[in-house]
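Below is one structure, written out as structure tokens; the observations come after it.
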Amino acid sequence: MKIAVTSASGQLGAAIVKALVKEIGKENVIAIARTTEKAKHLGVEVRKGDYTKREDFDQALKGVDKVLLVSGMDEPSKRIQQHRNVIEAAKQNGVKKIVYTSIVGDEVNTAFSPVVQSNRQTEEDVRKSGLDWVIGRNGIYIEPDLEYIDTYVKEGEIRNCAGNGKCGYTSREALGFAYAQMLLDDKHKGNTYNLVGEAITQSQLATAINHVYKTNLKYTAVPVEEYKKERQAALGDFIGTIIAGIYEGIKDGANDVPSDYEKATGQQHPSPLAMIENYQQNHPRK
């Protein structure tokens, strides 16, 4: 059995490849990447696959039984066709099963909604593909907050527009394990899973970070428009607007959803504290 993982040079794709290798061995896993050199470190066969080029996937999916489609990073209007390039190539090559990494989020009311809508369209395309399918809706990764910790410490606060909204954070490692199980076990066929952990507020996130890192961060809530302008100034209009939209969604409850992680994996999702401790152990502050 050959399982291919797209966008394997990215952090989520790499985590899924590593989880699969643990389960079925490196000889049964194929990494697909736009820049193949960036996936060589995974120690598996690497094939070229650029989402914008259907012909890449006509070749990359030859002899593949199952494919894991990692959601692309392009702007929403382009991603739908890019994902279709993979789906159509999978059908042409006789791939039997497709698993898609979607997201939890508000489909209508925030600046992040166009991204969520494009994911929902790909979900629909996957369901109508004629292949066996499973869809995961990822929660927000906890890692970016921890990668940002030096800035938080410098500023003395976590500052955003989420207010008292709760967010079911996850981690790339937890997701890697979940997607490996979803690919390997046929009982998941036809299911859509919320892959999230315990939902917490930003104040609770700050408390957990303080516990692990011995910091003294506080959480400061600011209005959506104020936060959007701050993020636009720091990150540019497009990314700044998206980030503000994500936290607006948290404020409005879009990320406080029931978790299906245990259904997908047979295990409880790691707690926020456990994820932070795990990250801190593997990435100690200098």
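Okay, here's what the table says:
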{"quantity": "Residue pairs meeting the criteria (Cβ under 6 Å; at least 6 apart or on separate chains; first free of Cβ contacts under 8 Å to residues at least 12 places away in the same chain, in segment 27-44; second of a type in the set (D, E, K, R) and surrounded by 15 or more Cβ atoms within 10 Å (Cβ to Cβ))", "calculated": "none"}
{"quantity": "Tally, over segment 19-59, of residues that are crowded, with 24+ Cβ neighbours inside 10 Å and over 21 Å from the mean Cα position of the chain (by Cα)", "calculated": "1"}
{"quantity": "Single unsatisfied condition, residue 95 versus (1) touching an Asp or Glu at 6+ places or on another chain (Cβ under 8 Å); (2) under 29 Å from residue 252 (Cβ atoms)", "calculated": "(2)"}
{"quantity": "Single match in 135, 149, 140, 158 (criterion: within 23 Å of residue 188 (Cβ to Cβ) and in contact with a Lys or Arg (Cβ under 9 Å, 6 or more places away or on another chain))", "calculated": "135"}
{"quantity": "Segment 103-143 - residue that is among the acidic types (Asp, Glu) and closer than 23 Å to residue 92 by Cβ and, of those, surrounded by the fewest Cβ atoms within 10 Å (Cβ to Cβ)", "calculated": "124"}
{"quantity": "Filter pass, residue 64 being crowded, with 21+ Cβ neighbours inside 10 Å and either on the phi < 0 side of the Ramachandran plot or under 18 Å from the mean Cα position of the chain (by Cα) (or both)", "calculated": "yes"}
{"quantity": "Residues that are within 29 Å of residue 252 (Cβ to Cβ) and open to solvent by 10 Å² or more (accessible area, probe 1.4 Å), drawn from segment 154-164", "calculated": "155, 156, 157, 159, 163, 164"}
{"quantity": "Near pairs, Cβ below 6 angstrom, 6+ apart or cross-chain, from segment 86-99 (under 18 Å from residue 71 (Cβ atoms)) to any residue that is open to solvent by less than 10 Å² (accessible area, probe 1.4 Å) and part of a helix (DSSP H, G or I)", "calculated": "86/57; 89/57; 98/90; 98/126; 99/182; 99/183"}
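For every residue, the table says whether it meets (1) at pLDDT below 95; (2) closer than 17 Å to residue 116 by Cβ; (3) among the basic types (Lys, Arg); (4) crowded, with 18+ Cβ neighbours inside 10 Å.
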| site | (1), (2), (3), (4) |
| --- | --- |
| 177 | no, no, no, yes |
| 183 | no, no, no, yes |
| 203 | no, no, no, no |
| 206 | no, no, no, yes |
| 214 | no, no, yes, no |
| 219 | no, no, no, yes |
| 246 | no, yes, no, yes |
| 251 | no, yes, yes, yes |
| 267 | no, no, no, no |
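The values are calculated or read from the model by the stated rules, or taken from the named source; none is laboratory data. Bear in mind the structure is a predicted one, so any value in this text is a computation, not a measurement. Cβ coordinates were reconstructed from backbone atoms using ideal geometry, including for glycine residues, and neighbour counts include every protein chain displayed. The protein model used for the area step is the full one, side chains on, heavy atoms only, and it has no ligands, DNA or RNA in it. Shrake-Rupley method; radii C 1.70, N 1.55, O 1.52, S 1.80 Å.
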